[in-house]
Amino acid sequence: MNSDGLPLLAVTIPLAGVAGLFVGSFLNVVVYRTPLGLSVAAPRSFCPTCQRQLRWWENVPVVSWALLRGRCRTCRQPISMRYPLVELATGGIFALVTWGWRGTIVSAAYCALAAGMVAVGLIEYGGQRAPLSVAAVAVGLGQAIILVGAGWQHHWRIVTGSLIGTVAALFIYGVLRSRDPACTDPRGHGRSALLLAGCWVGGLGLVPAAVGAGTWIVVFFLCTVGTWSATRQTSGAGAPGASPERTSHPVLSTPLVSAVAMAMVASLIAGG
Ligand SMILES: [Zn+2]
């Protein structure tokens with residue numbers, strides 16, 4: 001990095017961090033509503049206990065939760081600490097991604113992909129299925145920003161790489177899906193995280209993509225073995241609830257999502 005970039009980064013990194021807090025607040029809504037098939041646009045955020053719609057000042061990321069001391073203003077029921085933590089984590093991720101991409105326009109694309117990954121990961125770790133639309137919106141947004149931003153600056157390696165990565169991931173996603181007759185859920189699966197990773201590693205270039213793929217294989221193998229042995233210990237012989245329909249989702253989805261997240265981190269480090 002040349003020294004000319006430093007003043008710009010001193011502005012863009014904090015800005016990205018603050019934007020990440022607000023996006024994290026939106027991701028809390030996405031994670032809560034999309035697995036239930038509810039709209040993320042309406043109604044406005046409400047207290048899950050007393051159903052009262054929140055005023056704008058009760059919805060400021062982290063600050064509102066701290067001022068209200070983690071309780072609803074009317075019913076006094078505790079508001080999960082998970083909400084401000086997701087906001088802070090998203091803010092931190094946005095700042096790191098922006099730093100990794102030196103504050104260029106492409107940073108915004110990678111922030112969109114990272115936000116999609118946070119949402120898919122939280123939904124799948126929560127034992128629900130992330131709708132395909134969550135990853136699709138993030139990839140669509142990220143790819144559009146790359147096309148316009150990187151194309152404008154003639155960074156064709158990023159443009160073509162991300163397009164190839166997205167198309168390759170779409171192909172793998174389609175193959176996996178067609179080979180999984182047990183998956184009858186039309187809403188999607190943790191597999192949609194692969195679409196985010198395809199666009200992500202493709203834009204970084206060949207070597208980071210290879211590092212990402214290697215990381216994916218290692219983490220997926222370790223997580224699958226870990227999850228499989230944990231499931232075997234807890235379910236035991238003849239235990240109820242051990243039918244293939246019930247176990248196939250958590251056994252496959254969690255390692256897949258974990259491996260994709262680690263592959264994205266590793267490839268970004270390799271590319272930076
Ligand atoms: Zn309430």
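Quote the FRET efficiency, to the nearest 0.05, computed for Trp56 versus Ile269 with a Förster distance R0 of 51 Å and r equal to the Cβ-Cβ distance. Could you put the intermediate results ahead of the total?
Numbers: r = 38 Å, r/R0 = 0.75.
Here the calculated transfer efficiency is 0.85.
Gyration tensor over the Cα atoms of the chain: the corresponding equivalent ellipsoid has semi-axes (square roots of 5 times the eigenvalues, largest first) of 30, 28, 16 Å. In region 1-137, taking the dipole from charged Cβ atoms about the Cα centre, the farthest positive-side position among Leu67, Ala16, Gly126 is held by Leu67. In region 37-115, the C-alpha radius of gyration followed by the widest Cα-Cα span (Dmax) gives 15.5, 45 angstrom. Listed by number, the DSSP H helices of the chain that run 18 Å or longer by alpha-carbon position along their axis and have mean Kyte hydropathy of at least -1.0 are 5-33, 82-100, 105-125, 132-152, 156-178, 206-235, 244-271.
Helical content alone sets the calculated 222 nm signal of the chain at -24000 deg cm²/dmol, taking -39,500 (n - 2.57) per DSSP H segment of four or more residues and averaging over every residue.
Ordering 38-47, 7-16 by mean Cβ neighbour count within 10 Å, with the highest value first, yields 7-16, 38-47.
No lab work stands behind these numbers, since they all come straight from the coordinates. Every value quoted in this text rests on a predicted model; they were computed, and no experiment measured them. Cβ sites come from the backbone with ideal geometry, for glycine too, and all protein chains shown count toward neighbours.
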